[in-house]
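What follows is a set of notes on a single structure, which appears directly below.
Each value in this text was obtained by applying a stated rule to the coordinates, not by laboratory testing. Here the structure is a predicted model, which is why all the values come from computation and not from measurement. So basically every Cβ, Gly included, is an ideal-geometry build from the backbone, and we count neighbours across all protein chains shown.
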Amino acid sequence: MKISTKGRYGLRAMIDLAVNSDGKELINLKSISERQNLSERYLEQIFSVLKKNGLVNSIKGPQGGYIPSKEIRQISVGDILRALEGSLHIVDSQDTINDKIEDCIKNNVWKKMNESIDKIVDNITLEDLVFEYKKSIIEGYMYYI
């Protein structure tokens, strides 16, 4: 499995949105584009998908922008990546090959890998990433005497 630029940039943009909106202020794509050095047009496509999947709300117009649709502790990395990438599973376990070896591999390798991926991305929230980001900024300015 490889996460596309849409998934990687979408995750970056959602963290930027969460950091800069604090859940209250509308953030326009131009500002995200400038801070993250990403194409504004590409962000428009990404945010269209995120909005359709209920992860962001938007208001149009000169004072418009985007805001997370719910509290950032309720949005997981899995929610964002699945909205942008579709299934994160490495192998579709719905295959109906009637083969004992294939069933053995499916049940003991692919299924466990898929479950592990789901567990990881579903247990990391946008709030967790915002916390880690802010912590890294603070630690970057620590001076020791």
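Looking at the chain, identify the longest residue range that excludes and avoids all GluC sites (Glu not before Pro) in DSSP loops having at most 14 other Cβ atoms within 10 Å.
Working: sites that count: Glu25, Glu71.
The reported range is 72-145.
Would you indicate which of (1) 17.5, 62; (2) 18.6, 60; (3) 18.5, 68 is the value of Rg and Dmax of the Cα atoms in Å derived from the coordinates of this structure?
Among (1) 17.5, 62; (2) 18.6, 60; (3) 18.5, 68, the one calculated here is (3).
Taking the Cα centre of segment 2-145 as origin and charging only Cβ (+1 Lys, Arg; -1 Asp, Glu), how large is the dipole, in debye to the nearest 20? Mind showing how you got there, number by number?
Working: 21 positive and 21 negative charges, 70 e Å.
So the dipole magnitude of segment 2-145 works out to roughly 340 debye.
Counting trypsin sites (Lys or Arg not before Pro) as exposed when in a DSSP loop with at most 10 other beta carbons within 10 Å, what is the longest stretch of the chain free of them? Mind dumping the intermediate values first?
Details: sites that count: Lys2, Lys24, Lys60.
Result for the longest clean stretch: 61-145.
For segment 1-81, just say rounded, prolate or oblate: build the C-alpha gyration tensor, square-root its eigenvalues into a ≥ b ≥ c, call rounded for a/c under 1.5, and beyond that prolate if a/b exceeds b/c, oblate if not. Display every interim value, and only then the final one.
Numbers: a/c = 1.58, a/b = 1.17, b/c = 1.36.
Taking the square roots of the gyration eigenvalues as a ≥ b ≥ c, segment 1-81 is oblate.
Kindly put Tyr42, Tyr9, Tyr133 in sequence by how many other C-beta atoms sit within 10 Å of each C-beta, fewest to most.
Values: Tyr42 16, Tyr9 19, Tyr133 13.
Starting with the residue having the fewest Cβ neighbours, the order is Tyr133, Tyr42, Tyr9.
Using the 10 angstrom Cβ neighbour count as an exposure proxy, how do Phe47, Phe131 rank, fewest first?
Arranged by neighbour count, lowest to highest, Phe47, Phe131 become Phe131, Phe47.
Which of the residue pairs Lys30/Lys134; Lys24/Lys60; Lys51/Lys111; Lys60/Lys119; Lys70/Lys112; Lys70/Lys119 have a Cα-Cα distance greater than 24 Å in the structure shown? Mind dumping the intermediate values first?
On the way: Lys30/Lys134 22 Å; Lys24/Lys60 16 Å; Lys51/Lys111 30 Å; Lys60/Lys119 36 Å; Lys70/Lys112 31 Å; Lys70/Lys119 21 Å.
Too far apart for the 24 Å limit: Lys51/Lys111; Lys60/Lys119; Lys70/Lys112.
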